[in-house]
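Accompanying notes for the structure given below.
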Amino acid sequence: MTGKKILLVEDNAANMTLATFLLQSAGYEVISATDAESGVGLARTQNPVLILMDIQLPGIDGLQATTQLRADESTRDIPVIALTALAMKGDEERILAAGCDGYIAKPLDYKSFLATVADYLDKASNGGSNHS
Ligand code: MN
């Protein structure tokens, strides 16, 4: 799994720094964007194996961006994990309805963050994605 390219879309500098550090420490290649439009563009051109998508972003939000990714043939099969500080009932539903494969709650927990990423990469490589 070393060297797999992960796209991180996050507008908060501290979260970006932390997530990038953790992912790089685990051997992933990290490409990043601080807004959804740039993130969608990178997803199309860089073909990452996984996208970590903040929900609250300037301009279009992470859920709208995920809907765009799902509508595009070149990006629809890339797993998207939402990074969310939202923890209210109904949010999980909204996140999954937008086409995300799952979510990770912020603040990031070091160990479970990397375990969750590895878990989704495993799922993605075993039989590919299966978006309905
Ligand atoms: Mn944000």
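For segment 66-104, the set of residues classified as within 16 Å of the ligand (Cβ to nearest atom) and of a type in the set (Asp, Glu) consists of ASP91 only. The condition of being open to solvent by 10 Å² or more (accessible area, probe 1.4 Å), touching a Cys at 6+ places or on another chain (Cβ under 9 Å) and within 14 Å of the ligand (Cβ to nearest atom) holds for only one of LEU57, LEU63, that being LEU63.
Quick grid of which residues meet (1) at pLDDT 95 or above; (2) in contact with a Ser or Thr (Cβ under 8 Å, 6 or more places away or on another chain); (3) closer than 25 Å to ALA14 by Cβ:
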position: ILE60; (1), (2), (3): yes, no, yes
position: GLN64; (1), (2), (3): yes, no, yes
position: ILE81; (1), (2), (3): yes, yes, yes
position: LEU86; (1), (2), (3): no, no, yes
position: TYR103; (1), (2), (3): no, yes, yes
position: ASP109; (1), (2), (3): no, no, yes
position: ALA115; (1), (2), (3): yes, no, yes
position: SER125; (1), (2), (3): no, no, no
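Scan segment 21-41 residue by residue and report those that are within 16 Å of the ligand (Cβ to nearest atom) and open to solvent by 30 Å² or more (accessible area, probe 1.4 Å). Listed by number, the residues that qualify are SER32, THR34, ASP35, GLU37, SER38.
Checked against the criterion of being over 24 Å from SER125 (Cβ atoms) and either open to solvent by 20 Å² or more (accessible area, probe 1.4 Å) or in contact with a Gly (Cβ under 9 Å, 6 or more places away or on another chain) (or both), the candidates ARG94, ARG44 yield just one match: ARG94. Each residue in segment 47-91 was checked for being under 12 Å from the mean Cα position of the chain (by Cα) and farther than 19 Å from TYR120 by Cβ, and 0 of them qualify. Checked against the criteria, VAL49 counts as over 17 Å from ALA98 (Cα atoms) and modelled with pLDDT of 95 or more. For segment 73-90, indicate whether the set of residues that are of a type in the set (D, E, K, R) and open to solvent by less than 60 Å² (accessible area, probe 1.4 Å) is non-empty. Looking through segment 73-90, none of the residues is of a type in the set (D, E, K, R) and open to solvent by less than 60 Å² (accessible area, probe 1.4 Å).
If you go through segment 8-60 and keep only what is under 17 Å from ILE95 (Cβ atoms) and touching a Phe, Trp or Tyr at 6+ places or on another chain (Cβ under 8 Å), you end up with just LEU50.
The values are calculated or read from the model by the stated rules, or taken from the named source; none is laboratory data. Here the structure is a predicted model, which means the values were calculated and not measured. Using ideal geometry, Cβ is built from the backbone for each residue, glycine included, and neighbour counts are taken over all protein chains shown. To get the accessible areas, we keep the full protein, side chains included, count just its heavy atoms, and leave off ligands, DNA and RNA. Shrake-Rupley method; radii C 1.70, N 1.55, O 1.52, S 1.80 Å.
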